[in-house]
Structures are given as C-alpha cells and as structure tokens.
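Worksheet: one structure, shown below.
The values are calculated or read from the model by the stated rules, or taken from the named source; none is laboratory data. Being a predicted model, the structure only gives us computed values, none of them experimental. Using ideal geometry, Cβ is built from the backbone for each residue, glycine included, and neighbour counts are taken over all protein chains shown.
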Amino acid sequence: MTEFHLVPPETEVTASGDGQAFEAAPGGPRLFVVRLDLSKTIEQQSLELSLWGSADGESWGTMPLLKFPQRFYAGSTQMVLDLTARPEVRFIRARWDLNRWGRVRPEPMFRFTVTARPAG
C-alpha cells in the first residue's frame with residue numbers, strides 16, 4: 001500500500017465537512033503517518049482536523065481516533081495514526097471544523113490536503 005489521500009490535493013473549503021471514507025483492509029497496515037498540508041488561509045480563522053474510524057463505513061462513533069492541533073496558518077503537520085489496538089476499525093475518514101471571527105470576510109476559507117501512508 002502506498003500513500004493515499006483522505007482529503008484530495010488542494011481542496012478548498014468554506015464550511016466544516018467530512019472527507020471520503022478510505023478502507024483500511026483487514027490484514028493490511030494498521031500504523032499510518034498522516035500529514036496535513038495547509039497551503040492557503042486567511043486571517044482570523046482556524047481549522048480543526050480529526051480522523052474518525054468506523055467498522056461499517058456508516059457509523060463513525062462519538063470520539064475521533066486522532067485530532068490534529070488547531071491550525072491558523074499555512075504549513076504542514078504530521079501525526080501517527082495507530083489502529084493496532086482498534087481491530088474493529090475498517091474505514092477511516094477526515095473531518096474538518098472551521099471557525100471564523102472578525103468582520104472582513106463572512107465565511108472561513110482554507111485550502112489543504114490530507115495524505116496518509118503506512119509507517120515504516
């Protein structure tokens with residue numbers, strides 16, 4: 001298995017949302033390096049990215065598997081997603097929550113990519 005996208009390259013968003021589900025195949029890797037590349041942002045806003053797991057691709061639970069630090073500026077952040085203790089998780093997806101304050105632009109705007117690759 002090679003690198004895959006949890007959020008396609010240079011996705012531009014103006015509202016909170018979810019990425020597509022990716023199947024973590026049984027018997028496949030259970031340890032991943034996940035990278036958030038934030039390429040464009042405007043002032044007075046924040047992005048909160050989390051990764052969620054599901055056994056069936058429908059029910060995503062109430063707690064994320066992994067939560068990235070809140071981001072305000074362009075740049076990259078890597079974290080490790082370890083599914084070895086969660087054998088029931090068969091699907092993973094990204095969720096982003098956008099926050100905006102200030103009076104210049106009414107809605108937030110971010111352009112970012114989320115990739116994952118097996119660790120090791």
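In region 85-98, the condition of being touching a Lys or Arg at 6+ places or on another chain (Cβ under 7 Å) and modelled with pLDDT under 95 is met by no residue. Can you find a residue in region 1-20 that is modelled with pLDDT under 95, farther than 26 Å from residue 111 by Cβ and not polar (S, T, N, Q)? Scanning region 1-20, I find at least one residue that is modelled with pLDDT under 95, farther than 26 Å from residue 111 by Cβ and not polar (S, T, N, Q), so the answer is yes.
So, of the residues in region 15-48 that are of a type in the set (Val, Ile, Thr) and part of a strand (DSSP E or B), which turns out to be nearest to residue 72 (Cα to Cα)?
In the first step, residues of region 15-48 are kept if they are of a type in the set (Val, Ile, Thr); the result is 33-34, 41-42.
Pick out the ones that are also part of a strand (DSSP E or B) and you get 33-34, 41.
Numbers: 33: 22, 34: 19, 41: 8 Å.
This residue is 41.
Taken over region 1-14, the residue count meeting the criterion of being over 18 Å from residue 68 (Cβ atoms) and not in a strand (DSSP E or B) is 3.
Could you tell me whether residue 36 is under 11 Å from the mean Cα position of the chain (by Cα) and hydrophobic (A, V, I, L, M, F, W, C)? In short, yes. I'm checking my understanding of the structure. Among residues of region 23-45 that are modelled with pLDDT of 95 or more and surrounded by 15 or more Cβ atoms within 10 Å (Cβ to Cβ), which one is farthest from residue 115 (Cα to Cα)? The qualifying residue farthest from residue 115 (Cα to Cα) is 39. For region 1-22, a residue qualifies if it is surrounded by 15 or more Cβ atoms within 10 Å (Cβ to Cβ) and in contact with a Gly (Cβ under 7 Å, 6 or more places away or on another chain), and the qualifying residues are 6, 7, 21.
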